[in-house]
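The values are calculated or read from the model by the stated rules, or taken from the named source; none is laboratory data. Only a predicted model underlies this, so the values are computations on that prediction, with no experimental measurement involved. Methodologically, a virtual Cβ is constructed for each residue, glycine included, from the backbone with ideal geometry; neighbour enumeration extends over all protein chains shown. Accessible surface is based on the protein model in full, side chains and every heavy atom, while ligands, DNA and RNA are left aside. Shrake-Rupley method; radii C 1.70, N 1.55, O 1.52, S 1.80 Å.
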Amino acid sequence: MTDKHTNPPLNIAIAVYPHLLVTSLTLPIEMLRAGEAFAKGHLDKQSFRPLVINLVAKSAESIPTRAGLAINPDCITANAPYSDLIIVPGIWRNPRPVVRTNQEVVDWLSESFSKGSHIIGVGTGNCLLAEAGLLDGHPATTHWHYAKQFSHDYPLVHLKPDFFITQSERMYTVASLNALADVIVHIISQYYTKAAAQHVERNFSHEIRKPYEDQRYLEGAVDRHPDELIAQIQFWLKTNLATELNLQEVAAQFSLSYRTFTRRFRAATNQSPIEYWQQLRVEGAKELLASSNLSIQEVALEVGYNDQGHLTRVFKKVLSQTPSGYRKVVRRKLFG
């Protein structure tokens, strides 16, 4: 007998186009399907809503990708059904050519949002949202490498490069795949309960993720500071913990003298770059110690310290305990 559902399906659309980042297409599909499977086994039939996922493109032609996988659209923008949620994947390298040749997708995004769709834009895929005018006057983020180009192309968008997630009304923008995973977990909690979201998070996250609410930029909330260049540097530092560059070289990379960099950084954040850099590395090490089986030496290298001894000295100074001691305490709390 065919299983009949009381509630209508949840319609999910994913925009597809040449040069998309395939992982930002497959990851949300697999996570959403996992949430759906959990909910089907735990919710009553009156509450459960099945997923219908469509890949939407400007034409029905198969789309090649850099990963060597061909993408076959389910429908085209001209006849795509209403979507509760639309995901706009990231784009490999310079997004401008993709934006120029996908006006149909841009128009579809604008029309869909006007009809009530929620939208998640990923990395440089957010250029398609910006091109549609949906981000004008609102916060957004993007891949750090294209932040300057994004600001130039879309000056009406309030770019927040130091945030991995922004939310404005029914629009989310994310800067990375990890941030996309965090938003999808958040979406699953809304669709299928917090228990379903926790189930998916446990199965898909290799580390204990920060809650979505803790890392987003929510429109209407107080911003951290107005210095956009320092915000870009903060973003770079967060995503390059293991860099071999020192802070003088980082400043030069952003065309700042170290003296100017230090002055502006302290004015914006009320702490020195060295203090901030150490704080990021300690937090990164704490997460790895809590949620991975890496050795202390491996953790040290992952967060930019050249050996275990250096990490141990910093931990004793900041936390008054050794990395191994911290791991024992936090793992007892997490897994005991």
Is it true that some residue in segment 57-79 is without any contact (Cβ under 8 Å) to a residue 60 or more places away in the chain, loosely packed, with under 15 Cβ neighbours inside 10 Å and assigned to a helix (DSSP H, G or I)? no
Please verify whether GLN271 is of a type outside the set (A, V, I, L, M) and open to solvent by 70 Å² or more (accessible area, probe 1.4 Å), treating the condition exactly as stated. no
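Yes/no matrix, rows are residues, columns are (1) closer than 27 Å to SER59 by Cα; (2) open to solvent by less than 20 Å² (accessible area, probe 1.4 Å):
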| position | (1), (2) |
| --- | --- |
| ILE120 | yes, yes |
| ASN126 | yes, yes |
| HIS138 | no, no |
| LYS148 | no, no |
| ASP153 | yes, no |
| LEU156 | no, no |
Just the residues that are within 16 Å of ALA242 (Cα to Cα), touching a helix residue (DSSP H, G or I) at 6+ places or on another chain (Cβ under 8 Å) and surrounded by 14 or more Cβ atoms within 10 Å (Cβ to Cβ), please, taken from segment 298-313. VAL299, ALA300, GLU302, VAL303, GLY304, TYR305, GLN308, LEU311
Only residues that are part of a strand (DSSP E or B), open to solvent by less than 10 Å² (accessible area, probe 1.4 Å) and touching a Ser or Thr at 6+ places or on another chain (Cβ under 8 Å): list them for segment 80-97, please. LEU85, ILE86, ILE87
Among the residues of segment 170-181 satisfying the criterion of being assigned to a helix (DSSP H, G or I) and crowded, with 23+ Cβ neighbours inside 10 Å, which is modelled with the highest pLDDT? LEU180
Name the pairs whose Cβ atoms lie under 7 Å apart, with the first residue in segment 18-40 and under 12 Å from GLY125 (Cβ atoms), the second of a type in the set (Gly, Ala, Ser) and surrounded by fewer than 22 Cβ atoms within 10 Å (Cβ to Cβ), and 6 or more positions between them or separate chains? none
